[in-house]
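Worksheet: one structure, shown below.
The values are calculated or read from the model by the stated rules, or taken from the named source; none is laboratory data. Just so it is clear, the model here is predicted, and its values are computed rather than measured. In this analysis, Cβ positions are derived from the backbone assuming ideal geometry, glycine residues included, and neighbour counts consider all displayed protein chains. Protein only, heavy atoms only, side chains kept; ligands, DNA and RNA dropped before computing areas. Shrake-Rupley method; radii C 1.70, N 1.55, O 1.52, S 1.80 Å.
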Amino acid sequence: MSQVEVVAPTDATVLILGETGTGKELVARALHKMGPRRNLPFVTLNCAAIPTGLLESELFGTNEGAFTGALTQKNRPLLKCASGTLFWMRSATFR
């Protein structure tokens, strides 16, 4: 937690590594709550749940008619996050 307190006030990008169940999301939330973005959104994105072919549209959204089946415009995590914090989780299969 002492490292979180040092990094939280900065605008640095932080890579949090660890095995499943070690509290990576708790560290990310602590960084967010202690930092200058505490009043902005904290968005968690589980990349393991997104099919590889849809990663771009899931992150950046789609416009109506952008591809077959895109019937409406969809805003996605990067837009919801705005200037807040995006916590990007990935499974071991993406290594």
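Tabulated values for the structure
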read-out	value
Highest-first arrangement of 20-28, 7-15, where packing means the average Cβ count within 10 Å	20-28, 7-15
Pairwise label distance in nanometres, residue 10 with residue 80, each label 7 Å out on the Cα-Cβ vector	2.9
Heavy atoms of residue 90: accessible area, 1.4 Å probe, square angstrom to 10	130
Length released on extending from residue 22 to residue 49, taking residue separation times 0.36 nm less the Cα-Cα span	7.7 nm
Listed residue (48, 14, 2) projecting farthest to the positive dipole end of segment 1-63, Cβ model	2
Accessible area per residue, Å², segment 1-58 with all protein chains present, probe 1.4 Å	73
Accessible surface of segment 1-61 [probe 1.4 Å, protein heavy atoms]: carbon and sulfur percent	56
